[in-house]
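J.: I'd like to ask you about the structure that follows.
The values are calculated or read from the model by the stated rules, or taken from the named source; none is laboratory data. Just so you know, these numbers come straight off a predicted model, no measurement behind them. Because the Cβ atoms are built from the backbone with ideal geometry, glycine has one as well, and the counts that use them run over all protein chains shown.
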Amino acid sequence: MSAQQKGTPGMSATASRYIIQKLVERGKLGKEYFIVEYGAGYSTEVFLDQLIKEHVHATYVAVERDPWWYKEVLKMFPGGILAKHQWSFSDYK
């Protein structure tokens, strides 16, 4: 994680804790699983941080439509934990 102060996920603290609890519980079952988050950002940082701390093995995909915000989110993970892949609908004309 970056040294910058973490932001706050765009959800209530109760919802965030519940999601983290369920992700960790499922991850502790010993099987790797696949998580898709639509809208990358502070929740991505908070969730991934907790999964890493709890040694949960998962493939985590965060989909972001805004190119500027996508680049900001990548800055939250300077160690390269996120794969960098970007495409645009204009690629499919």
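J.: Under the condition of being polar (S, T, N, Q) and surrounded by fewer than 12 Cβ atoms within 10 Å (Cβ to Cβ), which residue from the range 9-51 is modelled with the highest pLDDT?
T.: For the range 9-51, the residue satisfying everything is Q21.
J.: Only residues that are surrounded by 15 or more Cβ atoms within 10 Å (Cβ to Cβ) and either modelled with pLDDT of 85 or more or part of a helix (DSSP H, G or I) (or both): list them for the range 63-85, please. Spell out how you get there, then give the answer.
T.: Here is the first cut: in the range 63-85, the residues surrounded by 15 or more Cβ atoms within 10 Å (Cβ to Cβ) are 64, 70, 73-74, 76-77, 82.
Result: Y70, V73, L74.
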